[in-house]
Amino acid sequence: MATLSHADMKPDLHGSDENLNVVPLRHYGRWIAAAAAIAALVGLVGSLAKNDNLHWNVVGDYLFAGLIFDGLATTLWLTAAAMALGLGLGTVIAVMRLSSSPILYGMSSLFVWAFRGTPLLVQIIFWGYAAALYSQIKIGVPFTGITFISWDTNSVLTPAVAALLALGLNEAAYTSEIVRAGIQSVDPGQAEAAHSLGMRPALTARRIVLPQAMRVIIPPMGNETINMLKMTALVSVIGAHDLMSNIQEVYAQNYQVIPMLVVASLWYLALVSLLSIPQAWLERRYGRGSARSQNIPVIQRMLGTTSTTLARRTKKEAGR
Amino acid sequence: MTTPMVQAKGVTKNYGKLEVLKGIDLTVERGQVCCLLGPSGSGKSTFLRCINHLEGIDGGTLTVDGDLVGYRRHGQKLHELREPEIAQRRRDIGMVFQRFNLFPHMTALQNVIEAPVNVAGIPRVQATQEAHRLLEQVGLADRADHYPAQLSGGQQQRVAIARALAMKPKLMLFDEPTSALDPELVGDVLDVMRNLAAEGMTMVVVTHEIGFAREVADTAVFMDEGVVVEAGDPRHVLVEPEQDRTRAFLSAVL
Ligand SMILES: Nc1ncnc2c1ncn2[C@@H]1O[C@H](COP(=O)(O)OP(=O)(O)OP(=O)(O)O)[C@@H](O)[C@H]1O
Ligand SMILES: [Mg+2]
């Protein structure tokens, strides 16, 4: 460094007469656009706040009502359970689709075709009214009349279970494609290297391929989760007592449709915002070792002072 | 006479209609270094990958240390082994790839201890000590906590060699280990391989480094279009070859 003599290169901090400061590129356009956007936003919020037709008192009354919290709890567990079902089943289907067995490939393709090809709303209603199709669920030998156990469909397929099945199976069809793309994004040389070390296929998948596939899988799965949170609102058509079902129940009685929708929107917004925290954490966790994985905070991007380096980032991580 | 480390007899391999290996005969004795040379597409990589059953063979026999690779013999038939059994046999055969294939989500140290801990079941503390020793042996003692993306190509390849050595293999396969490297980084990797050979490791090396082959190899094998054209002492094969094809290749490479 001490031998650098060109003034236009990185300045030598220890040099005396060449003590130059680097001025990062200033983005004046960004500041002007930001100011205009903020002005417009303030105007919009102001007009909404002063609009009497919105009945902010109704919003306030119901925002923390017990009925709303009950709905929230249902929405949350339904989202979590449907995503778990979707991710678990979706991974199995992805592996089936990548398998060399034509039967596994055919079955998984059929599944994806059916559940991606019909509207989710139709699937929800279908599961909700499946009892009309089969009044009993039986386990036995087909076409012989021999039955080991049987259940009454309506007692098993409650609205909550129907909602979970509809959302989870539909999600599995989409997730399987995301997981498949993730697995295929990993260089085949990685699996070969693992095999050459004596690692079995299952160990190779768990330790080598899936962790690398995660980098590609997580961002779209974050999207899917956010989508799922909002799509649970659809299960109000079979009365599964999620947030949206309960909101509808209220405005069916008090006719305050818009204020109740504001309550719903505020809660959905809050939950979606919270979801970005685990997503960012997961992305960092699985981005280890990749030069592209550094996240530059938006304020730093505005100021144009981006100097994070991979070396610094990972030194921090290695210290944990 | 001891069993040879690698013995191939009439090994054939097809990709669909394409005949890639057309009857390879080759013997590598214990402690010897065998260099495979030949033009692009001649089947060198394919043959090397058959030795640890990354590819199956379609005919002939291939043994490593007396054991059939990837198959069990029943009378006159060869039955392909199950994955866990194949994995078991691969433990003893280290492989180094042209494009390193380090695990990018693990540090150099984690790359090296991965198989000893999760395959061989060696306690992590002991595996870590051994890994530090191996990294020192390849000249990278101070790079243990670096991720592959933070290492130069030559450093990555030396980590890859340390990773393969960590399973204490009895045979090492190298597939053009220096072809993806900048010229000034080739020397470090070849030095590591030279030391390994001097310690008595049995090695099969696909390479275009004629100088290295002349100096280190016990046998040089020249392949073309899926057959062994010429094999023997590198001072003959690589200096005054008998076959025209070998001569043409050497004059093109040198
Ligand atoms: N998976 C595969 N499917 C079909 N053909 C293949 C496959 N792998 C290799 N081949 C073909 O087999 C032949 C031999 O390939 P191989 O990689 O063994 O050559 P090589 O001698 O290692 O060449 P190079 O010096 O370029 O690495 C080539 O014609 C190649 O196209
Ligand atoms: Mg090759």
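The count of lysine pairs in the protein assembly as shown whose Cα atoms are under 22 Å apart, excluding pairs fewer than 8 places apart on the same chain, comes to 12.
Neighbours of B:Gly200 by Cβ distance under 11 Å: Lys/Arg scored +1, Asp/Glu scored -1, total +1.
Taking all protein chains together, A:Phe64, A:Phe115, A:Phe143 sort by accessible area into A:Phe143, A:Phe64, A:Phe115, largest first [probe 1.4 Å]. A 1.4 Å probe run over segment A:98-240, with the rest of the protein chains in place, finds 51 Å² accessible per residue. Placing R0 at 35 angstrom, the Cβ-Cβ distance between B:His79 and A:Val141 gives a FRET efficiency of 0.45 after rounding to 0.05. The candidates A:Ser47, A:Ser101, arranged from most to least accessible area with a 1.4 Å probe in the full protein assembly, appear as A:Ser47, A:Ser101. A 1.4 Å probe run over segment B:109-245, with the rest of the protein chains in place, finds 41 Å² accessible per residue. Label chain B by shape, choosing from rounded, prolate and oblate, from the square roots a ≥ b ≥ c of the eigenvalues of the Cα gyration tensor; if a/c is under 1.5 it is rounded, and otherwise prolate applies when a/b is larger than b/c, oblate when it is not. Oblate shape, in that a/c is at least 1.5 and b/c is the bigger or equal ratio. The P(r) of segment A:121-257 has a tail past 18 Å containing 70 percent of all C-alpha pairs. Just to confirm a number: summing +1 for Lys and Arg and -1 for Asp and Glu over residues other than B:Asp92 whose beta-carbon lies under 10 angstrom from that of B:Asp92, what do you get? Charge balance in the 10 Å sphere: +3. Residues of segment A:179-201 that bury at least 10 Å² of accessible area when the other protein chains are present, relative to the chain alone (probe 1.4 Å, heavy atoms, ligands and nucleic acids excluded): A:Asp187, A:Gly189, A:Gln190, A:Glu192, A:Ala193, A:His195, A:Ser196, A:Leu197, A:Gly198, A:Met199, A:Arg200, A:Pro201.
Over segment B:30-80, accessible surface divided per residue gives 43 Å², non-protein components excluded, 1.4 Å probe. Here the accessible area is traced with a 1.4 Å probe on the protein chains. For chain A, carbon and sulfur cover 66 percent of it. Each residue of segment A:99-116 was assigned a 3J(HN,Hα) from its phi angle through the Karplus curve 6.51 cos²θ - 1.76 cosθ + 1.60 (θ = phi - 60°); the sequence is 6, 7, 6, x, 5, 4, 4, x, 4, 5, 5, 4, 4, 4, 4, 5, 7, 8 Hz, with glycine and proline shown as x.
Computed over all pairs of different Cα atoms, the Kirkwood value for the hydrodynamic radius of segment B:1-49 is 12.0 Å.
Under the simplified labelling scheme, the A:Ala80-A:Ala37 pair shows an inter-label distance of 3.4 nm, with each label point 7 Å from Cα along Cα→Cβ. Here the protein assembly as shown is treated with +1 on each Lys and Arg Cβ and -1 on each Asp and Glu Cβ, and its dipole about the Cα centre works out to around 940 debye. From largest to smallest, the equivalent ellipsoid semi-axes obtained for segment B:212-254 from the alpha-carbon gyration tensor read 15, 12, 9 Å. Highest GNM mean-square fluctuation among A:Leu157, A:Leu89, A:Leu25, for chain A modelled with Cα contacts below 10 Å: A:Leu25. Which far-off residues, 5 or more places away or on another chain, put their amide H under 5 Å from the one on B:Ile122, with H placed in the peptide plane? Long-range HN contacts for B:Ile122: B:Val117. Along segment B:68-82 the Karplus relation, 6.51 cos²θ - 1.76 cosθ + 1.60 evaluated at θ = phi - 60°, assigns HN-Hα couplings of 4, 7, x, 9, 10, 8, 10, x, 9, 10, 9, 9, 5, 6, 7 Hz to successive residues, with x for each Gly and Pro. Each residue was assigned an accessible area with a 1.4 Å probe, and for A:Lys138 the value is about 130 Å². Rank B:Thr61, B:Thr178, B:Thr202 by mean-square fluctuation in a GNM of chain B with C-alpha springs under 10 angstrom and give only the top-ranked residue. In this elastic network of chain B, the residue with the biggest mean-square fluctuation among B:Thr61, B:Thr178, B:Thr202 is B:Thr61.
Taking amide H atoms as placed 1.01 Å from N in the peptide plane, the amide H of B:Met95 lies under 5 Å from those of B:Leu173, each 5 or more residues away in sequence or on another chain.
Can you tell me which of B:Leu171, B:Leu190, B:Leu151 moves the most in a GNM of chain B? Springs connect C-alpha atoms under 10 Å apart. Of B:Leu171, B:Leu190, B:Leu151, the Gaussian network model singles out B:Leu151 as fluctuating most.
Only beta bridges with both residues in the protein assembly as shown are counted; by DSSP, about 65 percent of them are antiparallel. For a paramagnetic label modelled on B:Thr3 (point 7 Å from Cα along Cα→Cβ), amide N atoms under 11 Å away belong, within segment B:51-93, to B:63-69. The label point for A:Asp52 and the one for B:Glu136, both projected 7 Å from the Cα toward the Cβ, are 8.5 nm apart.
In this Cβ point-charge picture (+1 for Lys and Arg, -1 for Asp and Glu), segment B:136-254 has a dipole of about 340 debye about its Cα centre.
Residues of segment B:97-111 that lose at least 30 Å² of accessible area (1.4 Å probe, protein heavy atoms only) when the other protein chains are present, relative to their chain alone, are B:Phe97, B:Asn101, B:Phe103, B:Pro104, B:His105. When the surface is traced with a 1.4 Å probe over the full set of protein chains, A:His27 keeps roughly 50 Å² accessible.
A simple rule links phi to the HN-Hα coupling: the Karplus curve 6.51 cos²θ - 1.76 cosθ + 1.60 with θ = phi - 60°, which for segment B:202-219 gives 7, 9, 10, 10, 8, 8, 10, 7, 4, x, 4, 4, 4, 7, 9, 6, 8, 10 Hz, with x for Gly and Pro. Multiplying the residue separation of A:Ala280 and A:Asp70 by 0.36 nm and subtracting their alpha-carbon distance yields 72.8 nm.
When every Cα-Cα distance of the protein assembly as shown is counted in 10 angstrom steps from zero, the calculated P(r) takes the values 3, 12, 18, 18, 16, 14, 10, 6, 2, 0, 0 percent. Dividing the Cα radius of gyration of chain A by its Kirkwood radius returns 1.10 for Rg/Rh.
Of the listed residues A:Trp127, A:Trp77, the order by accessible area with a 1.4 Å probe, largest first, is A:Trp77, A:Trp127. Nonpolar atom fraction for segment B:31-120, defined as the carbon and sulfur part of the 1.4 Å probe accessible area, stands at 41 percent. Annotation: amide H of B:Gly38 within the under-5 Å range of B:Met223, sequence separation 5 or more or interchain, hydrogens built in the peptide plane. Rolling a 1.4 Å probe over the protein heavy atoms leaves B:Lys168 with an accessible area of roughly 130 Å². Contact residues in segment B:167-200 by the 10 Å² criterion (accessible area, 1.4 Å probe, full protein complex versus chain alone): B:Met167.
Note on A:Glu249 and B:Asp92: their simple-model spin labels are 7.0 nm apart, each label 7 Å out from Cα toward Cβ. Interface size, chains A and B: roughly 2300 Å² of accessible area buried, both sides included, 1.4 Å probe, rounded to the nearest 100.
The values are calculated or read from the model by the stated rules, or taken from the named source; none is laboratory data. Being a predicted model, the structure only gives us computed values, none of them experimental. All Cβ positions, glycine included, derive from the backbone under ideal geometry; neighbour counts span all protein chains shown. Heads up: the accessible areas ignore ligands, DNA and RNA and are worked out on the full protein's heavy atoms, side chains in. Shrake-Rupley method; radii C 1.70, N 1.55, O 1.52, S 1.80 Å.
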